[in-house]
Amino acid sequence: MADKIAVIGCGFVGVSLSVALAISGYEVAGVEVDTAKLKLLQDGQVPFFEHGLDDLFAKAMATGKLSFSSDYSTAIPGATIIFAAVGTPSRADGSVNLDYLEGAAREASKYCGSEAVWVTRSTVPVGTGRKLALIFAQTDKTVAVVSSPEFLAEGSAMRNTFFPDRIIAGSDNPEAARKVIDVLRAIEDQGQRFADDDLATYASLYSGARTISAGAAPTPAVAHTPAPAAELVIGLESAELIKVSSNSFLAMKISFANMVARVCAASGADVTEVMDGIGLDKRIGRDYLYPGLGWGGGCFPKDVAGFIGTLASWGIETELMDGVKQINAAQIDYVKSLATELLMGTLTDKKITVLGASFKPGTDDVRESQSVILAIALARAGAIVTLTDPLAEPSTEIARLTAESPLTTPISFQKDLGTAVQGADLLILATEWPEYVNANFAEIGAILSQKNIIDARNKIPTGKLEAAGYKYKTIGGAKSNE
Ligand code: UDX
């Protein structure tokens with residue numbers, strides 16, 4: 001009989017992992033304490049949107065190996081490995097709240113077997129594993145603590161799960177780390193089996209790539225499977241540092257591109273040409289050098305803030321990461337200044353439609369979305385702002401971001417593109433959804449008050465905009481976007 005594995009926390013990371021484990025043959029007990037979420041899972045529904053996950057979830061449920069409960073006393077006993085994928089949200093001061101994770105470890109420690117392996121999958125600051133080990137040390141069990149960060153991007157989570165580019169396990173106990181690697185390899189083997197036996201599922205794992213953000217790698221041909229993941233069995237602290245450092249580095253690349261974009265705009269260079277040239281250096285690479293409105297979402301803002309907190313707590317200079325954050329915030333002011341220029345010096349009472357609310361296309365996630373932050377900044381500058389998005393609903397995030405200082409003129413949300421753009425003085429492409437990038441701008445132009453557009457993601461071919469008679473601005477002097 002296959003091992004029983006418990007997964008604590010059934011959010012985006014936990015469900016992706018549970019589904020992959022069950023399809024790969026493991027008995028999986030998911031633990032979720034949020035009753036509304038739990039009910040949906042038990043009824044066979046994924047409680048959030050993730051490309052391709054619904055089908056795989058149904059497949060996993062059909063194996064009969066995947067179950068969900070809120071009860072540690074049934075889920076944990078007998079589990080050889082316990083993955084923790086609970087939320088580790090930011091506190092108001094940017095530090096990471098580990099209460100849920102530590103609570104989960106305390107509960108699990110009551111019911112786990114004496115040789116169980118605990119694997120932290122949640123993103124945590126370095127040093128967390130040691131604290132968790134102390135919790136387990138208070139029992140008479142010899143639970144090994146392993147850190148195995150995940151690198152799932154929204155919109156490609158299942159692809160990243162079945163075809164990871166790296167598998168990492170950090171622990172004082174190399175045998176426990178090896179056990180974790182073996183399980184993650186089994187998932188990867190299942191991915192390879194899709195390529196051999198179930199091409200439809202295999203192809204669907206890739207079809208989301210179209211909607212993934214500018215920085216995503218191009219969709220590989222379905223006919224070839226990716227190379228097996230590289231693996232690292234390392235120390236606990238090293239593994240913990242890899243996730244936040246990776247995300248901070250990627251955010252730094254994007255902010256760097258946004259900084260260079262400003263020089264390009266000022267000097268007459270074209271940022272796309274410059275980034276193409278820089279990206280040809282294999283030491284740098286072209287990914288995550290796409291300038292735009294900046295980075296948002298559930299990971300980069302939280303991880304950059306968390307990393308700054310970690311640096312500060314060790315007395316290490318934070319200037320580099322502070323700068324990365326500042327440049328990201330400044331992109332909002334930059335796009336606002338482009339809008340002011342196009343609208344002849346004032347935003348007051350100008351009707352502006354922001355295209356896209358999610359933090360990137362292919363997801364309904366609006367957490368820390370630069371598109372929403374931009375819409376708020378424009379509204380505060382006196383503009384009459386409409387937000388539109390094919391999937392995401394931004395009102396809760398708008399309310400959260402304006403709680404301390406409510407807007408005098410509310411932002412209106414219109415899902416329908418035609419209604420949203422009606423009578424606008426300016427359009428701003430904020431999230432590069434294909435339906436906006438490929439929209440018929442000639443037709444749209446007919447219902448605008450003024451044909452002005454800012455392509456804040458450098459995705460709309462400028463030739464199309466010129467042919468339709470728009471006045472337009474791009475980021476960093478990008479000239480064609482073909
Ligand atoms: C990220 C990491 O990619 C993933 O490895 C990690 O596990 C979780 O955090 P995700 O938050 O889903 O994933 O988003 P990602 O696709 O990386 O994009 C993050 C933000 O950066 C988006 O707002 C996107 O628009 C922006 N971005 C990305 C750019 O502005 N330019 C780029 O070149 C790439």
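Where a number appears in this text, it was derived from the coordinates with a stated rule and is not lab data. Note that the structure is a prediction, hence the values are computed from the model and not measured. Ideal geometry is used to build each Cβ from the backbone, glycine not excepted, and the neighbour counts take in all protein chains shown.
Which whole-number percentage describes the relative contact order of region 4-234, with Cα contacts under 8 Å and a sequence gap of 6 or more? Please list the in-between numbers first.
Values: 415 pairs, mean separation 41.4, N = 231.
In percent, rounded to a whole number, it is 18.
Once you list every other residue whose beta carbon is under 14 Å from the beta carbon of LEU342, what net charge do they have if Lys and Arg are +1 and Asp and Glu are -1? Present the calculation step by step, with values, prior to reporting the outcome.
On the way: positive: LYS336, LYS350, LYS351, LYS451, LYS471, LYS473; negative: GLU341, ASP425, ASP455.
Net of charged neighbours comes to +3.
For the chain, the relative contact order is 11 percent, taking Cα pairs closer than 8 Å that sit 6 or more residues apart in sequence and dividing their mean separation by the residue count. Projecting the Cα atoms of ALA424, VAL124, PRO89 onto the charge dipole of the chain (Cβ charges, centred on the Cα centre) puts ALA424 farthest toward the positive pole. Of all DSSP-defined beta bridges confined to the chain, some 5% are antiparallel rather than parallel.
Sum up the lysine pairs in region 245-477 that clear both bars: alpha-carbon distance under 12 Å and a spacing of 8 or more or different chains.
Details: LYS253/LYS325; LYS302/LYS325; LYS336/LYS473; LYS351/LYS451; LYS451/LYS471; LYS451/LYS473; LYS459/LYS473.
Close lysine pairs under the 12 Å cut-off: 7.
Filter the chymotrypsin sites (Phe, Trp or Tyr not before Pro) in region 278-344 down to the DSSP loop ones having no more than 12 other Cβ atoms within 10 Å, then list what survives. The partial results should precede the final answer.
Numbers: sites: TYR288, TRP295, PHE307, TRP314, TYR334; in loops: TYR288, TRP295, TRP314.
Answer in residue order: TRP314.
For the listed peptides 299-305, 3-9, 17-23, a ranking on the average number of other beta carbons within 10 Å per residue, highest first, reads 17-23, 3-9, 299-305. Dipole of region 245-477 computed with +1 at Lys/Arg Cβ and -1 at Asp/Glu Cβ about the Cα centre; of PHE307, VAL437, SER405, farthest Cα towards the positive end is VAL437. Taking every lysine pair in region 4-234 that is 8 or more places apart or spans two chains, those with Cα atoms closer than 28 Å amount to 24.
When +1 charges are put on Lys and Arg Cβ atoms and -1 charges on Asp and Glu Cβ atoms, the dipole computed for region 4-234 relative to its Cα centre reaches about 240 debye.
Charging the Cβ of each Asp and Glu at -1 and of each Lys and Arg at +1, and nothing else, the dipole of region 245-477 about its Cα centre rounds to 180 debye.
Give the distance, in whole Å, between the Cα centre of region 339-380 and the Cα centre of region 107-183. A separation of 40 Å, based on Cα centres.
Here is how the number arises for the chain: DSSP H runs of 4 or more residues each give -39500 (n - 2.57), the sum is divided by the residue count, and the result at 222 nm is -13500 deg cm²/dmol.
The packing ranking, built from the mean of other Cβ atoms within 10 Å per residue, places the peptides 405-415, 244-254 in the order 244-254, 405-415, highest first.
When the charge dipole of the chain is built from unit charges on Cβ atoms (+1 for Lys and Arg, -1 for Asp and Glu) and taken about the Cα centre, the candidate among ALA58, SER337, PHE162 whose Cα reaches farthest toward its positive end is SER337.
Packing around the peptides 136-145, 122-131, taken as the average count of other Cβ atoms within 10 Å per residue, puts them in this order, highest first: 122-131, 136-145.
Rounded, prolate or oblate: pick one for the chain, where a ≥ b ≥ c are the square roots of the eigenvalues of its C-alpha gyration tensor, a/c under 1.5 means rounded, and failing that, prolate if a/b is larger than b/c, else oblate. Taking the square roots of the gyration eigenvalues as a ≥ b ≥ c, the chain is prolate. Restricting region 388-455 to GluC sites (Glu not before Pro) that sit in a DSSP loop and have at most 15 other Cβ atoms within 10 Å of their own Cβ leaves GLU404. Here each label is just a point 7 Å from Cα along the line to Cβ, and for ASP197 and GLU404 those points are 5.5 nm apart. The alpha carbons of region 245-477 occupy a box of 56, 42, 33 Å along the principal axes, longest dimension given first. The residues neighbouring SER449, those whose beta-carbon lies less than 11 Å from its own, together hold a net charge of +2 under the Lys/Arg +1, Asp/Glu -1 convention.
Using Cβ point charges alone (K and R +1, D and E -1), the dipole size of the chain about the Cα centre works out to roughly 580 debye.
Using DSSP H assignments, which helices in the chain have an axial alpha-carbon span of 30 Å or above and a mean Kyte-Doolittle hydropathy of 0.0 or higher? Numbers along the way, then the final one.
Values: long enough: 174-197 (33 Å, -0.67); 236-267 (47 Å, 0.77); 319-342 (34 Å, 0.02).
Going by DSSP H runs, the hits are 236-267, 319-342.
Separation between the LEU134 and ILE316 pseudo-spin-labels, each 7 Å from Cα along Cα→Cβ, expressed in nm? If labels sit at LEU134 and ILE316, their model points lie 2.1 nm apart.
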